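Here's the structure, in structure tokens; my notes come after.
Throughout, read-outs are computed from the coordinates displayed, never taken from laboratory work. Here the structure is a predicted model, which is why all the values come from computation and not from measurement. FYI the Cβ positions are ideal-geometry reconstructions off the backbone, even for glycines, and counts take in every protein chain you see.
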Protein chains: 2
Amino acid sequence: MSAREFDLIERIRRRAATARDDVLLGIGDDAALLQVPTGQTLVVATDTLNAGVHFPVETAASDIGWKALAVNLSDLAAMGAQPAWCTLSLSLPDGDPAWVDAFLDGFTALAAMHGVALVGGDTTRGPLSVSVTVHGFVDAARALRRAAARDGDDVWVSGTLGDAAAALTQWRAGALIDSSLRERLDRPVPRVALGRALAGVANACIDVSDGLLADLTHVCVASGVGAQIDVDALPASEALRTGFGGDARRHLQAAGGDDYELCFTARSDERDAVEAAACEAGVAVTRIGTVVAGEGVDVRGSDGAPWGSDSAGWQHFA
Amino acid sequence: MSAREFDLIERIRRRAATARDDVLLGIGDDAALLQVPTGQTLVVATDTLNAGVHFPVETAASDIGWKALAVNLSDLAAMGAQPAWCTLSLSLPDGDPAWVDAFLDGFTALAAMHGVALVGGDTTRGPLSVSVTVHGFVDAARALRRAAARDGDDVWVSGTLGDAAAALTQWRAGALIDSSLRERLDRPVPRVALGRALAGVANACIDVSDGLLADLTHVCVASGVGAQIDVDALPASEALRTGFGGDARRHLQAAGGDDYELCFTARSDERDAVEAAACEAGVAVTRIGTVVAGEGVDVRGSDGAPWGSDSAGWQHFA
């Protein structure tokens, strides 16, 4: 560790200010010492964002900081967990303090919203890459698992779908990017409160990172079931409706990645409880289909005719 | 996630075979569910290795796998913790299955030696980078903290110093690299058993990753003390003595990074207990100096004359 890396770590440590009584030892030792509440199960997720793969290279540093934490908190949300701590591993082409400050603006703003303490990590030289590991708690009996979808469950999704993919489409086309679509791409809002409210109410849950159909397929495979989806029931934002129509819009909603909404299943006699959870969390939820026996996701329009999509969702190693 | 990334994850999951009763849910959901033993404190460390920065680009995949976990387990060792779980975030320029298999050979071999379960992670496209987060347990009252060195403590180090830096020196010079030195660079052995045996016996502890003087300085700063070190007391391997003499050797031992030995302090009336811990762990330990009031690390030869070094240890952002 050079003097310069030490300065960067000090800079990060000064801003990792969220105080939690359960952090016995935070940044500055070989490892953090953390106290999990009695009776709670530890929930751990990790996700890495690489420049040019997970975000356009010209993305603002503060947005990269926000998104790196957001995609991880989204994984905790999909388990119904309460976030607590995170570690941050930052690979930087150079150690530009101004870039790091801006990155921390976004990262710490979201961390503060969820009471998440940054307890460790490292900074290294290398191509721009951000790896975050988040820790939270859940009552294991109430955790939302992918394998818990049951024949007859309703299929629900939170918020709206397709906005992030629409922004990427506009960006790739060299078009002016709608600001509210761009906001969804750069500053996704992890549905933490909704996930917590759904714990013990919903059955299976996953966050929509690869695209609704790809992610719902993961749930179906894990649960040994199939699903029928009404593509015309998928919720769309005003901005998406304005910019995209017909099958282009349906495709963005059904197959576009990076939405970080929650897709979950719940027994049909839990509809009131699901609506109450959504109301408590301040997030709209929409019923988009049904879990069925068998396998695969059968997508139809509101007219009942099959709707085809050749996309497998967000592609790495494409 | 493309079909190819899914295949890679399946490949990794099949080999993440270490079964632990405290893993309620491992790879395959949005997050892992893990049970921390009652009365134990969670210990978390994260470290990233980038190609060309933390290892020569021609390093074998299996050695990269070993080292990525080893450097993290070394952080747990320096806390006196018992390892339990890890996550792995792997950025790959391509998704070559043969490379991933070889990487896992090294990674899982070390994980199995320490009963560590791989419980999550991700694979992404990007320049070769490996980010690991390890989790373990410790009785917080017995944890080895950097800030716990006290005036009058002995300073100890495990094993031998300078071998990894010597291998790097030979590599950079284009010379034939001694195989036992290369082994120390590519396959460092985390001193987990020693760290656990020292918990409750030693005061402060750190693992030697940046170089002895740099790391001991971290301990001194955190503890508000200084240290006097006898550079001629630093333990050296036969291979190092054969390949390097005089100040070149002393420099490698005092300032070379990547050794992953433990440097720790203990009260002088704990010498028998320290030796007993080392014996129990099967690792030699050497007394190399004393903690003193003041600040800084004062390095002298066996003749009592000051010994100078202009190195600040392993440099990132150099």
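Values as computed for the structure displayed
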{"quantity": "Neighbour cut-off at most 16 other Cβ (10 Å), DSSP loop, trypsin sites (Lys or Arg not before Pro), the range A:148-230", "calculated": "A:ARG150"}
{"quantity": "Inter-copy separations for B:ARG187, label at 7 Å along Cα-Cβ, nm, ascending", "calculated": "5.1"}
{"quantity": "Along each principal axis, Cα extent of chain A, largest first, Å", "calculated": "65, 52, 32"}
{"quantity": "Cα-based helix-to-principal-axis angle, A:163-172 vs chain A, degrees rounded to 10", "calculated": "70"}
{"quantity": "Paramagnetic reach from B:THR242 (point 7 Å along Cα→Cβ, amide N under 20 Å) across the range B:144-173", "calculated": "B:159-173"}
{"quantity": "Using a 7 Å Cα-to-Cβ projection, B:GLY39 label spacings across copies, nm, ascending", "calculated": "2.0"}
{"quantity": "DSSP-defined beta bridges in the range B:153-300 - what % are antiparallel, rounded to 5", "calculated": "75"}
{"quantity": "Neighbouring partner chain Cβ atoms per residue of A:217-227, average, 10 Å criterion", "calculated": "1"}
{"quantity": "The range B:125-187 - convex hull of alpha carbons, volume per residue in Å³", "calculated": "195"}
{"quantity": "Ranking of B:GLU58, B:GLU183 by count of other Cβ atoms within 10 Å, fewest first", "calculated": "B:GLU58, B:GLU183"}
{"quantity": "Shape category assigned to the range B:174-227 from the gyration tensor of Cα positions, a/c cut at 1.5", "calculated": "oblate"}
{"quantity": "Computed over chain B: relative contact order in percent, which uses C-alpha pairs under 8 Å that are six or more apart", "calculated": "22"}
{"quantity": "Rounded, prolate or oblate (a/c below 1.5 giving rounded, otherwise prolate when a/b exceeds b/c) for the range A:3-138 by Cα gyration tensor", "calculated": "oblate"}
{"quantity": "Within chain A: Cβ-based charge dipole about Cα centre, in debye rounded to nearest 20 (Lys, Arg +1; Asp, Glu -1)", "calculated": "220"}
{"quantity": "Teacher prompt: A:GLY246 distances to equivalent labels in other copies, 7 Å Cα→Cβ, nm", "calculated": "8.2"}
{"quantity": "Acute angle (nearest 10 degrees) that the helix B:271-281 long axis makes with the longest principal axis of chain B, alpha-carbon atoms", "calculated": "30"}
{"quantity": "Protection proxy ranking, peptides A:8-14, B:64-70, B:112-118, average beta carbon neighbours within 10 Å, highest first", "calculated": "B:64-70, B:112-118, A:8-14"}
{"quantity": "Dipole magnitude of the range B:3-138, debye to nearest 20 (Cβ charges: Lys/Arg +1, Asp/Glu -1, about Cα centre)", "calculated": "160"}
{"quantity": "Cα-based shape type of the range B:241-299, given that a ≥ b ≥ c are square roots of the gyration tensor eigenvalues and the cut on a/c is 1.5", "calculated": "oblate"}
{"quantity": "Antiparallel DSSP beta bridges within chain B, as percent of all bridges there, nearest 5", "calculated": "70"}
{"quantity": "Neighbouring partner chain Cβ atoms per residue of B:141-147, average, 10 Å criterion", "calculated": "3"}
{"quantity": "Percentage relative contact order, the range A:1-115, counting C-alpha pairs under 8 Å, at least six apart", "calculated": "32"}
{"quantity": "Per-residue [θ]222 nm for the protein assembly as shown (sum of -39500 (n - 2.57) over DSSP H runs n ≥ 4, rounded to 500)", "calculated": "-10500 deg cm²/dmol"}
{"quantity": "Rel. contact order, % - alpha carbon contacts under 8 angstrom, at least six apart, the range B:219-312", "calculated": "56"}
{"quantity": "C-alpha center-to-center spacing [the range B:39-70, the range B:229-307] in angstrom", "calculated": "25"}
{"quantity": "Exercise: per-residue mean of other protein chain Cβ atoms within 10 Å, B:113-126", "calculated": "4"}
{"quantity": "Which of A:GLU295, B:GLU270, B:GLU261 has the fewest Cβ neighbours within 10 Å, and the rest in rising order", "calculated": "A:GLU295, B:GLU270, B:GLU261"}
{"quantity": "Debye, to nearest 20: dipole size of the range B:162-311, +1 on Lys, Arg Cβ, -1 on Asp, Glu Cβ", "calculated": "180"}
{"quantity": "Residue exposure sequence - A:CYS205, A:CYS263 - by fewest surrounding Cβ within 10 Å", "calculated": "A:CYS263, A:CYS205"}
